[in-house]
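Working notes, beginning with the structure itself.
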Amino acid sequence: MDQEKQSSLVGNLACFAAYAIFGFNIISCKSIAMDGNVTPMALFCLRSFGATALFWLWSLFTAPREHIHREDVWKVVVASFLGLFMTQLSFLFAITQTTAIDASIMSTLSPIMTLVISALVIKEKVTWSGVAGIVLSLVGVLILIYNCVSIRSGADSTSIWGILGMLVNTLCFAAYVGIFKPVIRKYSVVTFMKWMFLFSSLMALPFSFGAFKASHLAAVPMDVVWQIAYVVVFATFVAYFLIPIGQKRLRPVVVCMYTYVQPVIAMVIALILGLDHLTALKVAASLLVFVGVGLVNFVPKK
C-alpha cells in the first residue's frame, strides 16, 4: 500500500471511529438532558473543561514543543468558536426542543453545507462522483431514520427554536470542517486541540457560574454520571482527537459525510437492545450510506 492510500485509510478509520462514538453520544446527551439535573450549558462546560484538562495533560507527555504562530491565533479562536462552542452548545440546546427524527433529518444537511463552503472558501474541487455520493448516502440515511425505532427520549414535538438550533449546529460544524483544513495541517493534533479547547473553555467561563448554579449536580443519578463521563472522555476528548486526523488526510466533505454513519450506529444499538428488527430495506439503506461515502472519497485523477 503506497503512502497516499495508507494516509487515506488512516483518515477514514479515524472519522468512522469518531462518528461511531458520536452515534452513542446522541443517546447519552438525550438521556442527560431528559434527566433535567444538568443544564445544556453546564454539560457543555463539563465537556469543555474536562477535554481541556485532558489535552493539556496529554501534551506534557506526547506533543512536540510547538507553538501556534501569531498569524494563526485568530484562526484557531474562530475555529474554536465554530467547531466547539457554537456546535456543541447549539446541539445540546436543540435536542431538548426537537424530536429524534427531526434532529436526525436536520443533521443530514451538514455534508451538503460543507461541500458548498469548501468549494467557495478553499476552492475544493466538486466532482460528479462527490455529488452522487452525497445523494446516495442521503437517501440511505433518510430510509434508516424513518424505518428504525428510536430510543424514546427527547421532545414530544419540534419547536422552531429546535429547528434553528440544529441549523446553527450543522452550519457551524460545516464551516469549521470546510474552512480550517489548511490551519489544522500545520500543527500536531494535540497542539491544535489543546488550544481549541482552551479558547472554548474561556468562552464558556462567563456562563459556567450561572449554569452550575442552575443545575443540581448532587441529585444526578449514578447512571447519568457514567453517561456524563462517556460524553466528556469519549465523545469529546477521544472523538475530537480523531476528527483532525481525518481532516489532515481527507477532503472536508469526506470528513463531514461520516455524519451519515450515526443513524447506522443508532440502528445497531436498537437491534442489540431488541427495540428493532433487521429487514432487507435497512440493510440496503446502510449499504447506500457506505457506497455514498466511498463515491465521495473517489476523485478522478487529472
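The values are calculated or read from the model by the stated rules, or taken from the named source; none is laboratory data. This is a predicted model, so every value here is computed, not measured. Cβ coordinates were reconstructed from backbone atoms using ideal geometry, including for glycine residues, and neighbour counts include every protein chain displayed.
Among residues belonging to the stretch 101-139 that are of a type in the set (Gly, Ala, Ser), over 15 Å from the mean Cα position of the chain (by Cα) and over 16 Å from Tyr258 (Cβ atoms), point out the one that is modelled with the highest pLDDT.
Here the residue is Ala132.
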So is Ala174 farther than 22 Å from Phe55 by Cβ and either touching a helix residue (DSSP H, G or I) at 6+ places or on another chain (Cβ under 7 Å) or of a type in the set (Lys, Arg) (or both) or not? yes
Output for the stretch 28-71, where each listed residue is buried (at least 20 other Cβ atoms within 10 Å of the Cβ) and part of a loop (DSSP other than H, G, I, E, B): Val38, Thr39
Residues located in the stretch 84-130, provided they are over 21 Å from Val264 (Cβ atoms) and not in a helix (DSSP H, G or I): Thr96, Gln97, Ile122, Lys123, Glu124, Lys125, Val126, Thr127
Please specify each residue of the stretch 277-286 satisfying the condition of being over 22 Å from Ala14 (Cβ atoms) and in a helix (DSSP H, G or I). Ala280, Leu281, Lys282, Val283, Ala284, Ala285
Here are the criteria: (1) small (Gly, Ala, Ser); (2) modelled with pLDDT under 85; (3) crowded, with 23+ Cβ neighbours inside 10 Å. Tell me which single one Ser80 does not satisfy. (2)
Can you give me the ranges of the helices (runs of 4 or more DSSP H) entirely in the stretch 198-276 with at least 1 residues that are in contact (Cβ under 8 Å) with a residue 24 or more places away in the chain, surrounded by fewer than 21 Cβ atoms within 10 Å (Cβ to Cβ) and among the aromatic types (Phe, Trp, Tyr)? 222-232, 239-249
Could you run through the stretch 12-61 and say how many residues are small (Gly, Ala, Ser) and under 22 Å from Trp195 (Cα atoms)? 8
Single unsatisfied condition, Trp195 versus (1) outside any helix (DSSP H, G or I); (2) modelled with pLDDT of 95 or more: (1)
Consider the stretch 231-277. How many of its residues are of a type outside the set (Gly, Ala, Ser) and under 23 Å from Ile179 (Cβ atoms)? 23
Filter the stretch 201-211 for residues that are closer than 22 Å to Ser28 by Cβ and at pLDDT below 95 and give the result. Ala204, Phe207, Ser208, Ala211
Just to be sure before I move on: is Ser286 among the polar types (S, T, N, Q), modelled with pLDDT of 85 or more and crowded, with 17+ Cβ neighbours inside 10 Å in the structure I sent? no
